[in-house]
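Let me begin by presenting the structure, written as structure tokens, before commenting on it.
The values are calculated or read from the model by the stated rules, or taken from the named source; none is laboratory data. Since we're looking at a predicted model, the values are computed, not measured. Every residue, glycine as well, gets a Cβ built from its backbone with ideal geometry; the counts of neighbours run over all protein chains shown. With ligands, DNA and RNA removed, areas are computed over all heavy atoms of the protein, side chains included. Shrake-Rupley method; radii C 1.70, N 1.55, O 1.52, S 1.80 Å.
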Amino acid sequence: MDDDASGFAEALIEQEAEIHTKLKRVFAHKIESDKIRIHGDFTLEQVAMSDDKFIIQSFDGDPDRTFSQRTLRRSPAKDLANLMRSVSYASGLIFEDLSSGVREETADHLEDWLRTASRYLSAEFLTAYRKATSGTRLLPEDDADLEVLLDTFRIEKALQELRYDLNYRTAQVKIPLRGLLELLED
């Protein structure tokens, strides 16, 4: 890893207790919502646009899980969190591509803008999903419970991204590291 990635990794290791604290919140009490068969690997790569419609494709599920694990019912918040992380990861790729060779001040502005855009897109998607599923129990009614689920699943997805990038794309390892640090800021 380069110096930036090593610095992010050290900062993340220092916050290991915070990660555990955030993840343990999901066990604090029973979160009321239904579980269904979900996509399981819902990222921007699985969404295509045709005419004026979005098409969700490739329902094979998470390739890291066995077939029997992929057929288990889970919270739809997992798919929401995966898409949110995918938007964040895409923003990270854009930042890495555009920030090299520019002034530090320009890179800082770009990073802030991409972070804001990523959060806005995620919030808009969540708002649309909640509107479309209004009157169902697919997501918890309590906003705090929904936040706990989304935080848990986004951390889980970012850790999965980190594991994958460490094994196969070390040049991109900064993206999930930075993403995990951002999730701990919220």
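List of remarks:
- Yes/no for Asp151 being of a type in the set (Asp, Glu), assigned to a helix (DSSP H, G or I) and either open to solvent by 50 Å² or more (accessible area, probe 1.4 Å) or touching a Ser or Thr at 6+ places or on another chain (Cβ under 9 Å) (or both): no
- Flag if Asp165 is within 10 Å of the chain's Cα centre (by Cα), of a type outside the set (S, T, N, Q) and open to solvent by less than 20 Å² (accessible area, probe 1.4 Å): no
- Qualifying residue in region 90-101 (condition: open to solvent by less than 20 Å² (accessible area, probe 1.4 Å), assigned to a helix (DSSP H, G or I) and closer than 23 Å to Glu18 by Cα): yes
- Region 93-138, residues that are touching a residue at least 60 places away in the same chain (Cβ under 8 Å) and polar (S, T, N, Q): Thr136
- Being more than 18 Å from Lys157 (Cβ to Cβ), in contact (Cβ under 8 Å) with a residue 24 or more places away in the chain and open to solvent by less than 70 Å² (accessible area, probe 1.4 Å) is a property that does not hold for Ile19.
- Of all the residues in region 38-78, those that are touching a Leu at 6+ places or on another chain (Cβ under 8 Å), part of a loop (DSSP other than H, G, I, E, B) and over 15 Å from Asp145 (Cβ atoms) number 2.
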